[in-house]
Amino acid sequence: MKIKFNAKPLLSYISLAIASAILVAVILIALPLTEKISDGINFNLVTKDSSFWSKEYILTLQTSDEKQVRDTREILYRRLRSFSVERVSIYTLPSEEEGLSKLKVIISSAKDQALVEELIKNRFQYKIMTKKADVNFEDSEDQYAYMMEENYDPTDWDYQDFRNIYITKLKSNNGTYSYFALYKLWPNKEKEFVNFLSQYKGDIIGVSIDGYISPYQVPEDVDQSAFLFALPVYTEDEDEAEIISILYNSGNIPVEFIVQEETDLPSPIESIDYIKISIALIIALVTAYIYILIFKQSTPQKLLRSFLATVITISLYIAILKIQQIPVYTILLTLECIIASIATYMFEENKESRKFTLGILLLSLLIITFLGTGLMSEFAKGTICILLLSALSLKISKRYINKVRKI
Amino acid sequence: MEIFLNVWNNWSLYQKVTIAILLTLLFLTIVLSVKFVTKSKQYTIFTIISLIMSAILTIVSFVFVNVVFNTTITYMYMLTPIIVLIINLFNISSSVGFYIKNKKQKKLDIDELKKEFLIDTVHLTVFLIPLFSVFCIFVTEPLLTFILLTMLVSTAVPWINYSLIYWLFHKNV
């Protein structure tokens with residue numbers, strides 16, 4: 001007797017079982033209180049809420065010139081924005097002292113406070129200096145002589161001669177990779193700079209940054225090949241290297257300034273109970289679907305597809321955040337989930353406009369991501385991800401339901 | 001007026017330029033996309049008025065809570081215009097979708113369009129109110145005002161659009 005074996009339905013069963021298992025796993029990972037589902041992997045949702053800090057700084061500027069104050073304000077703002085600091089407000093305060101001006105800087109961020117403060121506490125003005133003839137750097141009684149600005153003579157070379165300082169990892173003398181600052185000159189100054197350095201072949205010169213010297217030994221072959229003026233950056237930390245890059249390239253603060261006052265402020269970000277809000281959102285979502293079903297505003301098939309797609313979208317998004325340990329603000333996550341619920345339903349209900357809606361939303365959110373500030377940009381980024389997941393989930397949901405029906 | 005002057009004076013030139021570019025780009029992108037897809041003057045005018053109305057409503061609501069409830073408009077409120085814009089885009093694009101569906105017909109049935117628009121507006125309201133309401137239960141001031149305000153403005157915008165459709169599309173296109 002010949003047994004006819006059709007592998008297609010069996011494969012269909014198996015693929016459906018695998019898809020169901022993955023779906024259940026994703027939902028379990030995303031749900032609150034399932035963090036301890038495995039001892040091997042951490043499924044905690046990392047939130048930024050607790051690390052959010054807020055502080056007010058009063059800066060005293062050694063000038064009463066309005067343009068210089070305005071320029072300082074612009075540069076500080078540019079620096080903080082480049083580091084994606086969530087909230088920055090810089091106000092000009094009236095100063096009672098003659099020849100002085102004041103700026104009030106309010107910062108709220110989840111970023112490392114010490115790093116953010118480097119951006120507002122440093123003027124970061126750099127200039128090239130040459131060693132004084134009568135100073136001996138090999139003197140064992142003054143081992144730090146090479147770091148003191150008073151042991152160097154000023155030159156005409158400073159920040160104005162360099163168009164950009166590029167921070168990158170290069171191979172150092174001991175074979176390991178370290179951060180270096182590559183000083184890129186304006187094209188018309190390149191030859192002149194090499195000629196200047198040629199006078200100090202083999203000697204130590206210094207780059208003074210706000211009075212602190214970084215020594216640099218001029219190579220013997222400075223004028224013989226394509227020359228690269230690279231100064232070591234004393235950090236291995238990527239964020240710190242980014243800070244140094246921002247400080248170098250954000251423009252020149254025209255006046256000396258000091259931080260006169262620092263005041264801690266209460267955090268403006270409220271922490272939301274992730275467990276309670278998850279349960280509440282599920283109830284609200286089910287209520288909305290029941291309402292639409294009772295009042296026959298849509299077909300049960302459409303509602304089933306969009307409900308399943310909403311569950312997949314939100315679960316997948318939260319599961320990715322949990323597995324990748326991506327820190328989030330609970331308030332933004334909640335708002336993104338609300339948008340995802342609405343988007344998935346609207347995409348399913350208006351199939352003919354799905355591509356147009358998705359396209360125009362992605363375009364608008366991309367503009368906000370690049371030009372928006374702080375939370376705006378962060379929210380736009382999260383919403384882009386969740387909208388794309390929503391469009392994908394609708395396809396998964398449709399195929400999944402069709403397969404289940406065929407069995 | 002004071003609230004706007006304070007904001008304007010406390011913004012750096014960089015901020016002012018960035019926000020101006022952001023708003024201009026958003027406006028042009030949305031309006032030109034609608035114009036390109038529908039090739040309809042009425043739809044383009046509808047989109048322009050809708051965007052302007054939602055912006056005005058958002059600003060008026062900020063002034064209202066600031067003046068009446070003495071609530072400080074913190075930077076958290078910068079999220080409100082984005083959420084309102086997203087909801088508005090869902091609403092506008094659903095009518096564009098209806099237009100695409102009926103493109104082959106020489107005449108667009110305005111009554112059908114109004115009906116479709118009403119259904120979409122009701123659906124958006126049905127989702128917005130419960131989802132934002134449950135959110136309100138778990139937050140306290142100042143976040144509560146922000147959530148309530150965002151919910152009210154986001155819900156009002158689709159209904160403004162619906163009245164605009166009534167006003168603009170009084171005869172068949």
- Run the dipole for chain A about the Cα centre, Lys and Arg Cβ at +1, Asp and Glu Cβ at -1, nothing else charged, and hand back the magnitude in debye, nearest 20. 4860
- Amide proton proximity set for residue A:47, modelled H, under 5 Å, gap of 5+: A:328
- Item | Average silhouette area of the protein assembly as shown, convex hull of alpha-carbon atoms, in square nanometres | 40.6
- Task: For the range A:228-384, count the residues as N, evaluate 2.2 N^0.38 Å, and divide the Cα radius of gyration by that value, please.
- Result: 1.49
- Item | Three-way shape call for chain B based on the alpha-carbon gyration tensor, with the a/c threshold at 1.5 | oblate
- Can you give the mean number of other chain Cβ atoms that lie within 10 Å of the Cβ atoms in peptide B:136-142? 4
- Partner shielding of A:271-279, taken as the mean number of other chain Cβ atoms within 10 Å, equals 2
- For the cross-link pairs A:351/B:41; A:355/B:115; A:67/A:102; A:55/A:102; A:355/B:35; A:351/A:403, which exceed 19 Å when the distance is taken from alpha carbon to alpha carbon? A:351/B:41; A:355/B:115; A:351/A:403
- Quick one: net charge around residue A:138, please, counting Lys, Arg +1 and Asp, Glu -1 for every other residue with C-beta under 15 Å from its C-beta. -3
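Across peptide A:351-363, what mean number of C-beta atoms from other chains lies inside 10 Å of a residue's C-beta?
The shielding value for this peptide is 6.
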- Charge tally for neighbours of residue B:78 with beta carbon under 12 Å away, counting Lys, Arg as +1 and Asp, Glu as -1, is -1
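Read the figures in this text as sums done on the coordinates, not as results from a lab. Note that the coordinates shown come from a computational prediction; the quantities given were computed from them, not determined experimentally. In this analysis, Cβ positions are derived from the backbone assuming ideal geometry, glycine residues included, and neighbour counts consider all displayed protein chains.
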